[in-house]
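Asker: Submitted below is the structure of interest, expressed as structure tokens.
The values are calculated or read from the model by the stated rules, or taken from the named source; none is laboratory data. A quick note: this is a predicted structure, and the numbers were derived from the prediction, not measured. Positions of Cβ are backbone-derived with ideal geometry, glycine not excepted, and every protein chain shown enters the neighbour counts. All accessible areas refer to the heavy atoms of the entire protein, side chains included, with ligands and DNA or RNA removed. Shrake-Rupley method; radii C 1.70, N 1.55, O 1.52, S 1.80 Å.
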Amino acid sequence: MKQLWPIVLTLGGCIISSGPSDDIDQTQADVDHYNQLSAELDARRSEFLGRDVQELAAAGSTLYWLDTTNFNPKLMHYDGQTKLAYGFSIGDGNNYNYRASASVVVTAEPGSDAVIYRAYDAVAANRLLGTTSLPKPVGAKWSAYAVDSSTVYIMDGTTLKKWLPGGDVTTVTTLESAGVEAGEFWDFGVASNTMVFIESGRVWSMDLAANHATWLMNMTEAGGTVDFRPDGVLFDTATGLSFYDYAQRKLIDIRAAIDANPFKINNTFASAAKFDTDFTRYKQWVLYIGQSGLFAYDFKADKITPLLLSPNRADLRVDYRYPVALDTGVAFVTGLTSTSGATGADGPTYTLDLKPILH
């Protein structure tokens, strides 16, 4: 029988033995190091929300989420100091919807022939600012709509319309006039002079003043998460996470850059920071869920920083999901928690101050 272990080398009178016990010792040292780092990172977090919470979303320095204690979700708001429960409905469990900025919340109520859009003051529990209605679109419950500051935008077919709550609805432009032969219009957002939208899986950026749309060169279908800033657009596709850089007019594969980065916790947990799912953005950092926790990737400096690590324990499993970051430098992430070893169905939402960590 061929003997594999131990391997003994004699060098200058010294005996060096390499065998299974060395590997076991190193693995245990790596596990201890990982658990120590995980505990140190946990000390930075604090519980912000309990269970029965879904769909956290950021609007500048404002956080929105759904309280799903009951079948009909309740919209909640946090401005950095105070939590606010809205008194108005955003629809029942089958039809709920809303779009919001830091100052206005809008929801759509579908009828048989028309859709009523209602705008509310975001910092009051139940203050209606105005209502308007448009014909119900074919094949959908309501038209795609978005909010930028105090202005509401609604896509009526391929026509972009603008509504200032309390005033009239006016036409801004059409996709055709901006150079888009539109297929199926999915969703969009507007920030100042820029409209970013998904059409038939393709991501477009549109200069509203110039009335010109640019396809952002994604060759695989875009998903539902899109983050756009003055420097570019961050979005996910079927093949991973991409960033379209406006200055370079170039699509950058962020997932490939993360996975190629040499950062590792240690040899045993070498793949912990590889991209897995869910992302958000804070300044030049992409906050994302890696294979073993929450990480930040500085895509300008090509640097990875661990923010939270999932515990390496048999009696507790925490899978971090759904990160959100406010412009104030505060991040939120949900920890799906389980004691059975399976992925948890829910768990608390934690808050984390990014400013001392990412600078």
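Asker: For region 41-50, check the following and say yes or no: at least one residue is of a type in the set (D, E, K, R), open to solvent by 30 Å² or more (accessible area, probe 1.4 Å), closer than 27 Å to Leu129 by Cβ and part of a strand (DSSP E or B).
Answerer: No, region 41-50 has no match at all.
Asker: Consider region 231-248. How many of its residues are open to solvent by 50 Å² or more (accessible area, probe 1.4 Å) and either touching a Gly at 6+ places or on another chain (Cβ under 7 Å) or modelled with pLDDT under 95 (or both)?
Answerer: 3
Asker: Tally time: how many residues in region 304-338 are farther than 13 Å from Gln54 by Cα, of a type in the set (A, V, I, L, M, F, W, C) and free of Cβ contacts under 8 Å to residues at least 24 places away in the same chain?
Answerer: Residues flagged as farther than 13 Å from Gln54 by Cα, of a type in the set (A, V, I, L, M, F, W, C) and free of Cβ contacts under 8 Å to residues at least 24 places away in the same chain within region 304-338 amount to 1.
Asker: List the strands (runs of 3 or more DSSP E) that sit entirely inside region 196-264 and contain at least 2 residues that are among the acidic types (Asp, Glu).
Answerer: In region 196-264, there are no strands (runs of 3 or more DSSP E) which contain 2 or more residues that are among the acidic types (Asp, Glu).
Asker: What strands (runs of 3 or more DSSP E) completely inside region 102-187 contain at least 3 residues that are more than 24 Å from Tyr78 (Cα to Cα) and open to solvent by 20 Å² or more (accessible area, probe 1.4 Å)?
Answerer: 128-135, 159-163, 169-174
Asker: Check off (1) out of contact with any strand residue (DSSP E or B) (no Cβ under 7 Å at 6 or more places or on another chain); (2) of a type outside the set (Gly, Ala, Ser); (3) closer than 27 Å to Thr334 by Cα; (4) without any contact (Cβ under 8 Å) to a residue 12 or more places away in the chain for Val138 and give me the number that stays unchecked.
Answerer: (3)
Asker: Return yes or no: is Asp79 under 21 Å from Tyr282 (Cβ atoms) and not polar (S, T, N, Q)?
Answerer: On the way: under 21 Å from Tyr282 (Cβ atoms): yes; not polar (S, T, N, Q): yes.
Answer is yes for this residue.
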